[in-house]
Amino acid sequence: MAVALATVWIRNLFAATMLMGIFSLLAASLYVLLDAVDVALTEAAVGAGLSIILMLGALVLTTSKEKVRDTRHNLLALVVVLITGGALIYGTMDMPGFGDPEAPAHQHVSPRYTQESVDEIGIPNMVTSVLASYRGLDTLGEVLVIFVAGVGVLLVLGPGRYRRRPRGSGKAQE
């Protein structure tokens, strides 16, 4: 929580980017503690790796300081956030309890993966079979979304103030 709050409140965008990388590594560590090593590797690669590289690239093309704005006009934003948060919390009321053995996922999906994945796919590791085969298109979609987001950021930022010098304009020819 401390790293997340510091990331929100800090005004130096480079420091906020580094704090986001630290947050991602802490989240990956928590996933390892929860025995979700595959998710931890994804979080470390995407959250602490690719996202930070994209943000640092954006900082090269922009400024490293946040613009300070008048905060008196944020009442509408606060209302929208509170309504959205309330709707999200309301949406979780129908979810089964954590670890509930009678949850629908434990009745239909989980038994199929644990009992039939070796015969259907031929991969002895159940986690690998789920990620590589059952969720293969989903994972490809996630990678595609990250790629499109990165290209979108680069297109929005444009070449910026760093343009290529024409050949022969360096000091070596003087």
*Selection from segment 114-126 of residues that are open to solvent by less than 70 Å² (accessible area, probe 1.4 Å) and out of contact with any Ser or Thr (no Cβ under 6 Å at 6 or more places or on another chain)*: Gly122
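Could you look through segment 33-90, keep only residues that are touching a strand residue (DSSP E or B) at 6+ places or on another chain (Cβ under 8 Å) and in a loop (DSSP other than H, G, I, E, B), and pick out the one that is least open to solvent (accessible area, probe 1.4 Å)?
Filtering segment 33-90 for residues that are touching a strand residue (DSSP E or B) at 6+ places or on another chain (Cβ under 8 Å) and in a loop (DSSP other than H, G, I, E, B), the one least open to solvent (accessible area, probe 1.4 Å) comes out as Ser64.
The values are calculated or read from the model by the stated rules, or taken from the named source; none is laboratory data. Keep in mind it's a predicted model, so treat the numbers as computed, not measured. Every residue, glycine as well, gets a Cβ built from its backbone with ideal geometry; the counts of neighbours run over all protein chains shown. Just so you know, the surface numbers come from the protein's heavy atoms only, side chains and all, with ligands and any DNA or RNA stripped out. Shrake-Rupley method; radii C 1.70, N 1.55, O 1.52, S 1.80 Å.
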